[in-house]
Structures are given as C-alpha cells and as structure tokens.
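Some notes on the structure that comes next.
A short reminder: the numbers here are calculations on the coordinates, not readings from a lab. Only a predicted model underlies this, so the values are computations on that prediction, with no experimental measurement involved. Every residue, glycine among them, receives a Cβ derived from its backbone with ideal geometry; neighbour counts consider all protein chains shown.
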Amino acid sequence: VKTSTAEEVKIQKIFNWLTENHFVPEDCKFSNDQYRYIRKQILNNISLPGTTITPIMERFLYTISSSKHIKNIVVFGSYYGYALSWLFSGGIDNQDRNVVGIDIDGEACIGANQNLMRISNTLNGKATFSVESQDALKEMDRSIDDHSIDLCFLDIDVNGSKKEYIDLLEIWKDKMSQGGIILAHDPLVDKFQEDFSAFHEFIKTNDSFSHYVTLPLDFCGIDLFKRT
Ligand SMILES: C[S@@+](CC[C@H](N)C(=O)[O-])C[C@H]1O[C@@H](n2cnc3c(N)ncnc32)[C@H](O)[C@@H]1O
C-alpha cells in the first residue's frame, strides 16, 4: 500500500492538536524521510499472515513512540508484531526504550520475535524488545513493575469481540505509569460498536482514566486516553 502526502498533513495536524491539548508529550516528532526509510526496512524484514494496521496508523504509532518520555511500551495482542514493529521503530535509537508484546498464540509470538530481531538488526536498534506467549487476561508470569508502563496498545480480539478491553484495563491499570498513554485499536469497526459503547462508558466514568478521544484515522480508528 502506498503512503500519501495527504496522510503526512493529516498526521501533522493530529499531533499538533494532541500536543496542544496535552494528550501526548511535546517531543513526539514526525520525520517523513525517516518514516519512509523505516517503512522500507520493516516491509523487507517482516513476515506475517496479515494485519489491519494501515499506513496512516503506522505513522501514528511511529510518531507517538518517538517521545523520549516514553520508556516502557506493552502491546496486548501483538500477533506477528506489525503494530509492535512501528511502536518499536519510533524509539529505535533510544537505549532506555523497552517494548513488550503479549499474545496467547505461541506461534505468532515466535514469528513476532523473529520479525523484531530482523528489524532491530537492520536498523541497528538500541531499544530492547521481547514477545511473550501469555494470556493477557491473567497477570504475567514474568513480573512487570507497578507504574512502569508508559504506553500500551490494546488489540486483543477474543472470539471476534473486543469486550475484553475492559478486563484488560482492570487487570493492568496498576502497572501503568501516572500520565501513561493507553491506545485501543478498532473503535470504529462496525461489528465492535456494542463492545466499544460499553468500553467508552467505562473509561469516561472511571477516575483512573482521563483525556479520552477517539481518532478517526482510518476505518478501524484508535482510542487514546491517559492513566491518571
Ligand atoms: C487483531 S489481532 C492483533 C493484531 C496485531 N496487533 C497486529 O499488529 O497485527 C488479535 C490478537 O489477540 C490475541 N489474543 C486473543 N486473546 C488474547 C489473550 N487473552 N491474551 C493475549 N492475546 C490474545 C490473538 O491471538 C491475536 O493474535
């Protein structure tokens, strides 16, 4: 899929707005040349059955993860690591950055680890990563410190539903840092409308979360909100 100038303009405007309104750190930077170079490297080094992550979503994930204020990133439902590879690449030169993928599908985790290893090697990555085969609806075997996750991406899909996003937040909210950013994929997908109505109601009425917005980047959309 080709990427366009219209997308560049759209992402720039969105980040201007998100920064001005304190949804994201001010140092989220956007470089078209770097994005294009990294995209080429990712596409040359990744192997996956498919993904619904679109080019404009790639840019979004890449830009938000460029902030130096974000150290630890966790992807819930990492599959073969496509979204993960963009969240990894945005901070590829940051040696304080660690990216973790969690997925219940062990084969997908092996694939994601191989994909991330190739991408890291080709981009000379200083950031670290791991992909763990685990049920994200249970606490992890390997401990993640409380208040340590600065950015997380929710994308688990259980029997074709997104109902479990609420449970994910309940289980993991104490692991998120104060002001940590939470992204939830797919709020605009028709078949998930009921699940997201309940999810949005949960976020808006829960003191643990603030700064909620749904960004209509593409047909999937993405929710962004913060841990208080
Ligand atoms: C829509 S796919 C994720 C796509 C992925 N984020 C990408 O970048 O292409 C949903 C994933 O959620 C995973 N999943 C479903 N239930 C899970 C659970 N309880 N814990 C962890 N992963 C789960 C599935 O195995 C599947 O890989």
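A few remarks follow.
- Only aspartates and glutamates eight or more places from residue 204 in sequence, or on another chain, were considered; those with a Cα closer than 16 Å are 167, 170, 194, 195, 223.
- Its residue count N fixes a reference of 2.2 N^0.38 Å for the chain, and the Cα radius of gyration divided by that reference is 0.93.
- Within segment 128-195, none of the chymotrypsin sites (Phe, Trp or Tyr not before Pro) combine a DSSP coil assignment with at most 10 other C-beta atoms in a 10 angstrom radius.
- Low-density loop positions, trypsin sites (Lys or Arg not before Pro), segment 155-228 - DSSP coil, at most 16 other Cβ in 10 Å: 163
- Sites residue 104 and residue 228, calculated FRET efficiency, Cβ-Cβ separation with R0 22 Å, nearest 0.05: 0.15
- Anisotropy class of segment 6-69 from Cα gyration tensor, a/c 1.5 cut: prolate
- The amide H of residue 101, built 1.01 Å from its N in the peptide plane, has 75, 130, 131, 132 as neighbours under 5 Å, considering only residues 5 or more places off or on other chains.
- Excluding same-chain neighbours fewer than eight residues apart, the lysines reachable from residue 71 by a Cα-Cα span under 24 Å are 29, 126, 138, 173, 175, 226.
- Chymotrypsin sites (Phe, Trp or Tyr not before Pro) restricted to DSSP loop in segment 1-47 with at most 13 other C-beta within 10 Å: none
- Here the simple spin-label model places points 7 Å from the Cα toward Cβ, and for residue 143 and residue 189 these points are separated by 3.5 nm.
- Inter-part distance where segment 143-198 and segment 1-58 are each reduced to a Cα centre, Å: 21
- Exposed loop sites, defined as GluC sites (Glu not before Pro) outside DSSP H, G, I, E and B with at most 13 other Cβ atoms within 10 Å, are absent from the longest region of the chain, namely 27-138.
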